[in-house]
Amino acid sequence: MQAETGNPETWIRLAAFVSVFTLMALWELRAPLRARPGRRAGRWPSNLGIVVLDAALVRLLFPLSAMAWAALVAQREWGLLHAVPLPEWLAGLLAVLLLDLAIQLQHRLFHAVPALWRLHRMHHADTEFDVTTGLRFHPLEIVLSMAIKFAVIAIVGAPALAVLVFEIMLNATSHFNHADVALPGGLDRQLRRWVVTPDMHRAHHSVHRPETDSNFGFNLPWWDHAFRTYRAQPRDGHRAMRIGLPAFRDRRWCRLDRMLLLPWADETSSNPQKPTAQDPSGSTTPTATGHDTPVSTRNGN
């Protein structure tokens, strides 16, 4: 969205975004895994609104798209892949893998550093898990992510076509692995050898901190195995597990204005201290106790 409107890259990315989002939204409507009454009406306007704000801010602050930046990097011959003679296909493949590794490490960083977690927790504060959750990122996190991406492209020397492929993959897999859908067990086990599936990523959105700090991958599952952050299943099961953060379960945190202020919210007073609290789906949810350790105590372990 940050590229010139006449640029084919813009239309390719937009077409891929809309196509995969629509496909996953229709799949959710037809066969949801965790149906909640009224969950879309209370959340979708804000989750879709935040992506519009994010796109507008990126367009304002980054005149060049990631692909245009990669073309400039290639023209200047910056980066590791320009220092080593490689076939174009191999350089492109390595670039996609390195970009995916970088985003996995970035994701872990946003969980480990308290100041960055305050931004990223807006994504995790969603008390439901569906295709719009994959769009729910604070604008300041999006700006930092773009700056990191530009730095990685320059360091790696990623070819422009590889960057475009990676961007499309990232959008598509984010829609897919945040979707409220169920895959047959055998198919899920086979797919998660190659791509992060909804069941794999859903565990990452659990209220239980050890599960929140696992399964950091968006595209490829291999990095979580390599770094020993892989968790096969949530301990409470996919239908019974609680999604979100213990401190932000009140329905007001689904409003767009409250979402934008969430990084500066005081977790100790954010959740009504009552026997039950109303989450955005309208269901009654216990307040955080026991294993639901408030994330303000994070130290990245």
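The values are calculated or read from the model by the stated rules, or taken from the named source; none is laboratory data. Here the structure is a predicted model, which is why all the values come from computation and not from measurement. A quick note on method: Cβ atoms are made from the backbone with ideal geometry, for glycine too, and the neighbour counts reach across all protein chains shown. Surface areas here come from the heavy atoms of the whole protein model, side chains and all, with no ligands, DNA or RNA. Shrake-Rupley method; radii C 1.70, N 1.55, O 1.52, S 1.80 Å.
Numerical summary
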| item | result |
| --- | --- |
| Filter result for residue 127 (under 13 Å from the mean Cα position of the chain (by Cα) and of a type in the set (Ser, Thr, Tyr)) | no |
| Counted residues, the range 64-109 - those being assigned to a helix (DSSP H, G or I), open to solvent by 30 Å² or more (accessible area, probe 1.4 Å) and among the acidic types (Asp, Glu) | 1 |
| Selection from the range 110-135 of residues that are more than 13 Å from residue 202 (Cα to Cα), in contact (Cβ under 8 Å) with a residue 40 or more places away in the chain and in a helix (DSSP H, G or I) | 111, 112, 114, 117, 118, 119, 121, 122, 132, 135 |
| Residue within the range 32-40 that is surrounded by 13 or more Cβ atoms within 10 Å (Cβ to Cβ) and over 20 Å from residue 177 (Cα atoms) present | no |
| Complete set of residues in the range 155-187 that are in contact (Cβ under 8 Å) with a residue 24 or more places away in the chain, in a helix (DSSP H, G or I) and farther than 16 Å from residue 96 by Cβ | 175, 176, 177 |
| Identity of the residue in the range 188-222, in a loop (DSSP other than H, G, I, E, B) and of a type in the set (D, E, K, R), that ends up surrounded by the fewest Cβ atoms within 10 Å (Cβ to Cβ) | 193 |
| Residue 151, sole failed condition from (1) in contact (Cβ under 8 Å) with a residue 12 or more places away in the chain; (2) under 30 Å from residue 85 (Cα atoms); (3) among the hydrophobic types (A, V, I, L, M, F, W, C); (4) open to solvent by 30 Å² or more (accessible area, probe 1.4 Å) | (1) |
| Criterion: open to solvent by 50 Å² or more (accessible area, probe 1.4 Å) and either modelled with pLDDT of 95 or more or in a helix (DSSP H, G or I) (or both) - qualifying residue of 13, 43, 59 | 59 |
| Residues (of a type in the set (Asp, Glu) and assigned to a helix (DSSP H, G or I)) located in the range 223-247 | 224 |
